[in-house]
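Contents: one structure, followed by commentary.
Nothing in this text is a laboratory measurement; each read-out follows from the coordinates by a stated rule. These figures come from a predicted structure and were not determined experimentally. Every residue, glycine among them, receives a Cβ derived from its backbone with ideal geometry; neighbour counts consider all protein chains shown.
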Amino acid sequence: MDDQLLIQLLEKACPRPSYLSSTDGGPILALALHCLMVNDGFVLASEEGQGVANPATRFLPQKDWNGKLLDQWMFFYTKPGKARKFTMHCSLQGRTKRMFIHASEENNLANIRVLGLQLENYVSHPNTLASNSWSAQELVVRNAAKMSELMTEHVIQPLLHAAEEEQGPPPGVVSAASRSEQQHQGGLLPILSSWFRQSEGVMGAHAVHYLTMAAVTGLVVGFVGLVVLRARGPLQQRRT
């Protein structure tokens, strides 16, 4: 991650940044950290808790991301493959200008990651955003590679490593949608075929045994019936 690439991500997150020009740079750093999270696969969660994964707008933060709390910024995410939501809470210390990042997994007090970044090491001259462009002659955000490295090593990787995995359907279970699609495409036969493939152990063996016996019995009955019909023909002719 270089400075220019991070600027491109910030342009997607905040196309008109002039309202950030009068700040001390705190919201700029918080927004840059949000871009790193999204770039690493996190999906901003909607108010309903679901991830909004529209590629065209995935870097946009929630509407009230800035100004809701004094020197604090909160972002909520989901992550494909993970069961719970994640929160990134950035808070800027007014005296030291140190940004503390608290990233946590929902309902898991054991999975909390903390990182501190010195504001002036990563954001400079926020007043240049008065031009309403991130691509000013002097870049507002710098040391993106170091920022990304620290976030990945101390926040993102350990957070995901300790997070609970999303549980899919048990192996061999056919969902209702899958059954409906199979019926639509090929009637009952694909479903039975799928069921036989899934059947294992004693129950599967018994089911196959009984159906095989039923098929053999049907063939025997049919053969006997055919023999009887053929025998009746000559007998009726002799009677007439």
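Taken one residue at a time, the phi angles of segment 71-88 give Karplus couplings (6.51, -1.76, 1.60, θ = phi - 60°) of 6, 9, 9, 10, 10, 10, 9, 10, 9, x, x, 10, 7, 10, 7, 10, 10, 10 Hz. Gly and Pro are set to x. Remark: segment 3-161 carries a charge dipole of roughly 140 debye about the Cα centre, counting +1 on each Lys and Arg Cβ and -1 on each Asp and Glu Cβ. The residues packed around Lys79, meaning those with a beta-carbon under 12 Å from its beta-carbon, carry a net charge of -3 if Lys and Arg are +1 and Asp and Glu are -1.
A Förster radius of 35 Å, combined with the Cβ-Cβ distance separating Ala130 from Glu153, puts the computed FRET efficiency at roughly 0.50.
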